[in-house]
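Novice: Below is a structure I'd like to ask you about.
The values are calculated or read from the model by the stated rules, or taken from the named source; none is laboratory data. This one's a predicted model, so the numbers in the text were calculated from it and none came from an experiment. Counting neighbours? That spans all protein chains shown, and the Cβs are built from the backbone with ideal geometry, glycine included.
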Amino acid sequence: MNIRLHFSFYSQLMYEVSDTVCLVVLSHSLLAAHPGMCLTEPCITVASAVMGALDHSVDPCHDFYNFACGGWVRNNPLPEGKSRWGPFSNLWERNMAVMKHLLENTTMKGLSKAEKKAQRYYKACMNETKIEELGAQPLQELINQTGGWALTGSWDKNNFQEVLRTVSANYRCSPFFTVFVSTDSKSSNSNIIQVDQSGLGLPSRDYYLNKTANAKYLNAYLDFLVELGVLLGGSEETSRSLMQEIVDFETTLANITVPQEERRDEELIYHKIQTLAPAVDWMPYLTDVFAPVPLNDSEPVVVYAKDYLQKVSDLIASTNKSILNNYMIMKVLRKMVSILDQKFQDAEQRFFEVMYGTKKSCTPRWKLCVSDTDSALGFALGAMFVKATFDEDSKAIAEDMVSEIKWAFEDSLKYVGWMDQETKKAAKEKADAIYNMVGYPKFIMDPKELDKVFNDFEVGSDLYFQNVMQYYNFSARVTADQLRKTPNRDQWSMTPPTVNAYYNPTKNEMVLPAGILQAPFYSRSWPKALNFGGIGVVMGHELTHAFDDQGREYDKDGNLRSWWKNSSVEAFKKQTQCMVEQYSNYSINKEPLNGKHTLGENIADNGGLKAAYKAYMNWIAKNGEEATLTFHSEISHEGVITDPHSPSRFRVIGTISNSHEFSEHFGCKADSPMNPKHKCELW
């Protein structure tokens with residue numbers, strides 16, 4: 001086998017992290033020296049990008065991340081206003097530019113009503129003159145309608161239940177817990193109300209619990225809230241006192257919040273929720289949230305965090321009502337900041353600069369409006385995006401690749417020594433049954449169907465705040481409507497322009513939007529090596545999620561049940577403990593990674609690479625070798641493909657150090673850093 005051909009597959013790492021590199025014209029002599037090379041313009045472009053990404057001074061067997069990415073990282077400093085940068089964010093920027101053009105082109109012919117609504121929504125968001133003219137008035141009126149706020153005026157001390165219902169049902173806020181409709185994990189042919197713990201004002205509970213280490217962030221958070229209070233009319237002194245009480249209360253919430261790594265094996269609990277958490281009048285609350293769908297006392301509810309819900313009920317019962325009201329209004333305020341005038345956004349920017357080191361002021365208004373339009377009317381905007389950018393044959397090519405990846409994963413199952421034969425058979429059936437959705441949902445290409453979806457969403461051209469409120473109401477009705485419907489496999493959780501992919505365990509489905517089916521992940525004009533090394537690894541990653549530490553608990557029909565033999569369950573835990581320990585031994589700035597928390601993604605990274613590589617080798621066996629990319633002679637090694645998002649370094653070296661193929665093709669000596677004697681193997 002030509003080792004340079006293998007490099008084309010693995011080199012996709014370098015191309016993915018260097019997709020902004022300009023085309024370098026390769027010398028005629030270099031091209032002529034390798035008549036078997038791929039000399040098309042796309043191949044030359046990719047080869048140039050790869051060459052620019054490498055750091056030749058680094059031994060790939062010692063530190064493959066710096067070998068593969070060092071040149072690109074050195075030549076591509078973080079753009080101003082960004083805390084991270086890589087192929088996902090770069091491609092999203094390009095997709096946003098396309099969407100901007102589509103939303104601003106009001107002379108386009110043949111647009112559906114829904115697509116015109118997307119343009120109006122964007123136009124209202126861009127109407128900064130009107131937004132500045134209204135200032136804080138829309139939010140002040142909303143707070144008054146909700147019952148008032150102690151910071152800015154009088155408030156009703158006896159309306160806790162009513163305010164909770166209002167902020168949850170009308171403004172889609174989740175002060176103490178989150179309530180939603182989703183597939184019943186134990187009966188995947190029905191939807192059910194589900195309750196879980198809610199998020200906090202800071203990214204994780206750790207910010208509140210380690211006050212000494214995180215004093216800078218806590219102080220910035222408090223200052224941000226104080227500034228918001230002042231902007232709404234409160235005095236500095238009153239606002240600081242009130243917001244300090246809110247942060248103290250949120251710290252108590254953080255103490256009872258269950259860490260994500262402790263929730264990975266959590267069992268669903270079906271409860272009579274009023275008994276579990278009596279501080280909330282659940283029947284009136286759920287009736288308002290899911291109006292106009294009729295509910296009764298026998299309505300089943302799934303509770304994800306039983307202990308948390310019990311504790312938050314006790315906390316509500318024992319906390320001063322003024323603090324509860326202040327906290328709920330603050331949650332509304334935080335949610336509305338981005339749709340108010342510039343003073344509010346400047347306050348948020350100062351907070352973000354401390355938290356993430358990013359300057360939101362560097363982000364043009366149009367990017368914020370494109371992103372928000374995609375959130376509210378993403379399938380209408382997605383229809384425009386697909387028609388403008390997506391080749392229909394790309395859908396068929398990608399679907400064929402998914403089939404190849406499935407075959408590779410299923411074939412690898414034969415050689416998994418720790419799993420019993422009966423469970424292997426069931427695992428193969430599950431992989432076979434994975435439903436693949438590629439590009440876009442069919443309904444968006446039918447104007448009548450698309451208009452029907454957004455028929456109840458009224459959108460004006462001028463009042464942005466009002467449009468957002470209309471969206472909240474529309475979204476609430478759509479959610480409520482799902483409660484009495486059978487789960488729809490063709491209902492997507494991502495819009496078509498999204499640069500991402502996902503696996504849904506309750507539907508046993510994999511979704512690959514049109515937004516990611518582009519360079520640097522995929523191109524129909526590329527050699528197969530690059531497509532398998534790009535989008536193929538993404539496909540393998542998502543497929544492997546069906547068999548990670550959480551996905552494996554769901555059967556082929558999406559039901560949460562025990563379908564593995566106990567011996568295989570125990571063997572799985574033993575095998576995955578190897579990965580937990582491996583990744584926990586990595587550290588960033590002397591802070592160790594949490595291998596348990598990242599286990600699912602690490603399993604998917606390792607399994608995805610293996611499946612994509614095996615699928616490509618199988619393609620070569622059936623179709624013969626293809627032309628190689630143009631590389632200098634000293635670069636005759638194989639590489640790896642990875643998502644370079646933080647902690648990108650450890651996603652790269654963690655995965656390839658478990659790969660026998662990598663060490664073989666790079667000729668890495670035994671016990672070199674990238675070829676440890678002991679490797680973690682699962683799938």
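Novice: Restricting to the range 456-474, name every residue that is closer than 26 Å to Pro513 by Cα, touching a helix residue (DSSP H, G or I) at 6+ places or on another chain (Cβ under 8 Å) and surrounded by fewer than 20 Cβ atoms within 10 Å (Cβ to Cβ).
Specialist: Correct list: Asp456, Tyr471.
Novice: Take Val303 and tell me if it is over 30 Å from Asn219 (Cβ atoms), assigned by TED's automatic domain parsing to the domain that holds Asp196, surrounded by 17 or more Cβ atoms within 10 Å (Cβ to Cβ) and modelled with pLDDT under 95.
Specialist: Working: over 30 Å from Asn219 (Cβ atoms): yes; assigned by TED's automatic domain parsing to the domain that holds Asp196: yes; surrounded by 17 or more Cβ atoms within 10 Å (Cβ to Cβ): yes; modelled with pLDDT under 95: yes.
Yes; evaluated as a whole, the condition is true for this residue.
Novice: Considering only the range 345-359, I want to know if a residue exists there that is out of contact with any helix residue (DSSP H, G or I) (no Cβ under 6 Å at 6 or more places or on another chain), among the small types (Gly, Ala, Ser), over 30 Å from Gly135 (Cα atoms) and in a loop (DSSP other than H, G, I, E, B).
Specialist: no
Novice: For the range 409-455, which positions are assigned to a helix (DSSP H, G or I) and of a type in the set (Gly, Ala, Ser)? Explain how you work it out, then say what you get.
Specialist: Initially, the range 409-455 is screened for residues assigned to a helix (DSSP H, G or I), giving 409-413, 421-433, 442-445, 447-453.
The answer is Ser412, Ala426, Ala427, Ala431, Ala433.
Novice: Follow-up question, since we're still on this one. Considering only residues that are outside any loop (DSSP other than H, G, I, E, B), over 15 Å from Val50 (Cα atoms) and not aromatic (Phe, Trp, Tyr), which ones fall in the range 513-539? Break it down into steps so the answer makes sense when it comes.
Specialist: As a first pass, look at the range 513-539 and keep what is outside any loop (DSSP other than H, G, I, E, B): 513-516, 528-533, 535-539.
Okay, now just the ones that are also over 15 Å from Val50 (Cα atoms), so 513-516, 528, 532, 535-539.
Scanning the range 513-539 gives Pro513, Ala514, Gly515, Ile516, Lys528, Ile535, Gly536, Val537, Val538, Met539.
Novice: Could you list, in sequence order, all residues of the range 546-573 that are of a type outside the set (A, V, I, L, M, F, W, C) and touching a strand residue (DSSP E or B) at 6+ places or on another chain (Cβ under 7 Å)?
Specialist: Just the residues of the range 546-573 that are of a type outside the set (A, V, I, L, M, F, W, C), to begin with: 548-559, 561-562, 565-568, 570, 573.
Matches in the range 546-573: Gly551, Glu553, Tyr554, Asp557, Gly558, Asn559.
Novice: Moving on to the next point. Pull out all pairs, ordered by first then second residue, where Cβ-Cβ is under 8 Å, the residues are six or more apart or on different chains, the first lies in the range 112-126 and is under 17 Å from Phe474 (Cα atoms) and among the basic types (Lys, Arg), and the second is at pLDDT below 95 and not in a helix (DSSP H, G or I).
Specialist: Partner pairs satisfying both residue conditions: Arg120/Gly460; Arg120/Ser461.
Novice: What are the residue pairs meeting all of these: first residue in the range 170-185, first residue part of a loop (DSSP other than H, G, I, E, B), second residue among the basic types (Lys, Arg), Cβ atoms under 8 Å, and 6 or more apart or on different chains?
Specialist: Close Cβ pairs satisfying both conditions: Tyr171/Lys335; Arg172/Lys335; Cys173/Lys331; Cys173/Lys335; Ser174/Lys331; Pro175/Lys331.
Novice: Pairs needed: first member in the range 277-298, touching a residue at least 12 places away in the same chain (Cβ under 8 Å) and of a type outside the set (Gly, Ala, Ser); second member anywhere, surrounded by fewer than 21 Cβ atoms within 10 Å (Cβ to Cβ) and assigned to a loop (DSSP other than H, G, I, E, B); C-beta distance under 8 Å; at least 6 residues apart or different chains.
Specialist: Taking only residues 6 or more apart or on different chains, the pairs are Met283/Leu295; Met283/Asp297; Leu286/Leu295; Leu286/Glu299; Phe290/Leu483; Val293/Leu483; Val293/Arg484.
Novice: Same structure again: Sort through Ala426, Ala396 and tell me the only one that's assigned by TED's automatic domain parsing to the domain that holds Arg552, out of contact with any strand residue (DSSP E or B) (no Cβ under 8 Å at 6 or more places or on another chain), modelled with pLDDT of 95 or more and among the small types (Gly, Ala, Ser).
Specialist: Values: Ala396 fails: modelled with pLDDT of 95 or more.
The unique qualifying residue is Ala426.
Novice: A further question follows. I'm told Tyr221 meets every condition in (1) in contact (Cβ under 8 Å) with a residue 24 or more places away in the chain; (2) in the same structural domain as Phe290 (by TED's automatic domain parsing); (3) over 28 Å from the mean Cα position of the chain (by Cα); (4) not in a loop (DSSP other than H, G, I, E, B) except one. Can you identify the failing condition by its number?
Specialist: Only one criterion is unmet by Tyr221, namely (3).
Novice: Follow-up. Would you say Arg74 is at pLDDT 80 or above and more than 26 Å from the chain's Cα centre (by Cα)?
Specialist: On the way: at pLDDT 80 or above: yes; more than 26 Å from the chain's Cα centre (by Cα): yes.
Spelling it out, Arg74 is indeed at pLDDT 80 or above and more than 26 Å from the chain's Cα centre (by Cα).
Novice: Which condition does Phe666 not pass, out of (1) at pLDDT below 90; (2) surrounded by fewer than 21 Cβ atoms within 10 Å (Cβ to Cβ); (3) not charged (D, E, K, R), if it passes all the others?
Specialist: With (1) at pLDDT below 90; (2) surrounded by fewer than 21 Cβ atoms within 10 Å (Cβ to Cβ); (3) not charged (D, E, K, R) applied to Phe666, the lone miss is (2).
Novice: Among the residues of the range 316-335, is any in the same structural domain as Ala254 (by TED's automatic domain parsing), without any contact (Cβ under 8 Å) to a residue 12 or more places away in the chain and surrounded by fewer than 17 Cβ atoms within 10 Å (Cβ to Cβ)? Full working, then the answer.
Specialist: Initially, the range 316-335 is screened for residues in the same structural domain as Ala254 (by TED's automatic domain parsing), giving 316-335.
When the remaining residues are screened for being without any contact (Cβ under 8 Å) to a residue 12 or more places away in the chain, the result is 318, 320.
Checking the rest, the ones that are also surrounded by fewer than 17 Cβ atoms within 10 Å (Cβ to Cβ) come to 318, 320.
Taking every residue of the range 316-335 in turn, at least one turns out to be in the same structural domain as Ala254 (by TED's automatic domain parsing), without any contact (Cβ under 8 Å) to a residue 12 or more places away in the chain and surrounded by fewer than 17 Cβ atoms within 10 Å (Cβ to Cβ).
Novice: Of the residues Thr495, Thr479, only one is over 30 Å from Lys130 (Cα atoms) and among the β-branched types (Val, Ile, Thr); which?
Specialist: Details: Thr495 fails: over 30 Å from Lys130 (Cα atoms).
Answer to the selection: Thr479.
Novice: Oh, and also: Could you grab me the full set of residues in the range 51-61 that are within 30 Å of the chain's Cα centre (by Cα) and within 19 Å of Thr655 (Cβ to Cβ)?
Specialist: Answer for the range 51-61, where residues must be within 30 Å of the chain's Cα centre (by Cα) and within 19 Å of Thr655 (Cβ to Cβ): Ala53, Leu54.
Novice: Okay, moving on. So Thr479 ticks every box in (1) at pLDDT 95 or above; (2) in a helix (DSSP H, G or I); (3) of a type in the set (S, T, N, Q) but one. Which box is left unticked?
Specialist: (1)
Novice: Let me ask something else about it. Scan the range 367-389 and tell me whether some residue there is closer than 27 Å to Tyr613 by Cα and either buried (at least 17 other Cβ atoms within 10 Å of the Cβ) or touching a strand residue (DSSP E or B) at 6+ places or on another chain (Cβ under 6 Å) (or both). Explain how you work it out, then say what you get.
Specialist: First, the residues of the range 367-389 that are closer than 27 Å to Tyr613 by Cα: none.
Scanning the range 367-389, I find no residue that is closer than 27 Å to Tyr613 by Cα and either buried (at least 17 other Cβ atoms within 10 Å of the Cβ) or touching a strand residue (DSSP E or B) at 6+ places or on another chain (Cβ under 6 Å) (or both), so the answer is no.
Novice: Quick one: count up the residues across the range 565-612 that are within 16 Å of Leu413 (Cβ to Cβ) and either modelled with pLDDT under 90 or not in a helix (DSSP H, G or I) (or both).
Specialist: So the answer is 1.
Novice: While we're on this one: What is the one condition in (1) hydroxyl-bearing (Ser, Thr, Tyr); (2) modelled with pLDDT of 90 or more; (3) surrounded by 20 or more Cβ atoms within 10 Å (Cβ to Cβ) that Ser562 does not satisfy?
Specialist: Every listed condition holds for Ser562 apart from (3).
Novice: Output the qualifying pairs, or none if there are none: Cβ atoms under 9 angstrom, residues six or more apart or on different chains, first residue in the range 423-441 and more than 16 Å from Ala396 (Cβ to Cβ) and of a type in the set (Asp, Glu), second residue surrounded by 21 or more Cβ atoms within 10 Å (Cβ to Cβ) and at pLDDT 95 or above.
Specialist: Correct list of pairs: Asp432/Lys406.
Novice: With the condition being surrounded by 19 or more Cβ atoms within 10 Å (Cβ to Cβ), I'd like the helices (runs of 4 or more DSSP H) fully within the range 42-150 carrying at least 2 qualifying residues.
Specialist: Result: 64-75, 87-104, 113-126, 137-146.
Novice: Then there is this: Is there any pair with a first residue in the range 587-616 that is closer than 14 Å to Gln575 by Cβ and a second that is small (Gly, Ala, Ser) and part of a strand (DSSP E or B) whose Cβ atoms are under 6 Å apart and which are 6 or more apart or on different chains, and what are they?
Specialist: none
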